[in-house]
Amino acid sequence: MTDARPKDIEFAYVNDLVKDYDESEFDVRMRGWMMRAMEPWMPSTGACLQMGCYKGDLTVLLEERFGQIDVVDAAERFLDVTRSRLKNPGTFHQTLFEDFVTDKRYDAVFLVHVLEHVVDPVATLASIGRLLAPGGRAFIVVPNGHAASRRIAVAMGLIEHCTSLTPSDVKHGHRRTYVLDTLESDARKAGLKVAHRGGIFFKPLANFQFDALFGGEVMSDAYLEGCFQLGFTYPDLTASIFLVLERE
């Protein structure tokens, strides 16, 4: 699914969308699990770029690792909130990803829960490839269409198929739903090499169900850790999938 709005209309659309944009507690907790899952492939130092920051939950974690983060986002609200949370903010750019131009090259570029939103995902991935320094890596994370919770929703008749756009997807501006093979296909089309693929957090429940159970005996820390560890065994059933990409 694509939506070829003119760039000025797309820019206005993004800034209007975020006025009522919200994430569940489960989404917020996912940031830490994402970092843990991808950490073995991250450089320990170097220049880091985050493309799409939301309210800075992941940005704060990246700053702890890299010391300083450059950020690109079209939404002024998200940039302002994120900048205020950082100890040592880098350069912030308010622009659409396809309009972002810099001579700087990065050792690590993060695009987390963003690719499902963009008009042209292959062009976005190709532009990320051009931003990588020699030996640099891009870390791409998207919601997983094959998550156990979505498979259950299909079996219940709540959605037509695993990659259907749900009302929540549409509300949050998603244009497509990825699974591992379609994500890898877009990466290859963009001229990037997959260095690693994986899943993050085995997900048997919908976000709202997790949120309702957090803080109680059922949703203990031990249970959550078990779901995180199980994600390594069953990456196709996780909440999010990720690729570590390098230039060909």
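The values are calculated or read from the model by the stated rules, or taken from the named source; none is laboratory data. None of the values given here were measured: they were computed from a predicted structure. Every residue, glycine among them, receives a Cβ derived from its backbone with ideal geometry; neighbour counts consider all protein chains shown. These area figures cover heavy atoms from the full protein model, side chains too; ligands, DNA and RNA do not enter into them. Shrake-Rupley method; radii C 1.70, N 1.55, O 1.52, S 1.80 Å.
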- Message: Quick check: pseudo-label points 7 Å beyond the Cα along Cα→Cβ at residue 222 and residue 44, how many nm apart are they?
- Response: 3.4
- Query: Which is the longest run of the chain containing none of the trypsin sites (Lys or Arg not before Pro) found in DSSP loop states (not H, G, I, E, B) with at most 16 other C-beta atoms within 10 Å?
  - Reply: 106-248
- Total Lys pairs in the chain closer than 18 Å by alpha-carbon, pairs eight or more apart in sequence or interchain only? 4
- Message: If you average the C-alpha positions of region 70-125 and of region 128-184 separately, how far apart do those two centres end up, in angstrom?
- Response: 19
- Query: For region 80-141, what is the convex hull volume of its Cα atoms per residue in Å³?
  - Reply: 108
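For residue 23 and residue 101, calculate 0.36 nm times their separation in residues minus their Cα-Cα distance, and state this gained length in nm to one decimal.
Numbers: separation 78, 0.36 × 78 = 28.08 nm, distance 2.93 nm.
This chain segment gains 25.2 nm when fully extended.
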- Range of Cα positions in the chain per principal axis (Å), largest first: 49, 39, 37
- Message: At 1.4 Å probe size, with the rest of the protein present, what percent of the exposed accessible area of region 27-139 is carbon and sulfur atoms?
- Response: 48
- Message: So if I place +1 on the C-beta of Lys and Arg and -1 on the C-beta of Asp and Glu, and nothing else carries charge, what would the dipole magnitude of region 152-248 be about its Cα centre? I want it in debye, nearest 20.
- Response: 420
- Figure the gain on full extension for residue 196 and residue 170 (residue separation times 0.36 nm, minus the Cα-Cα span) and round it to one decimal in nm. 6.4 nm
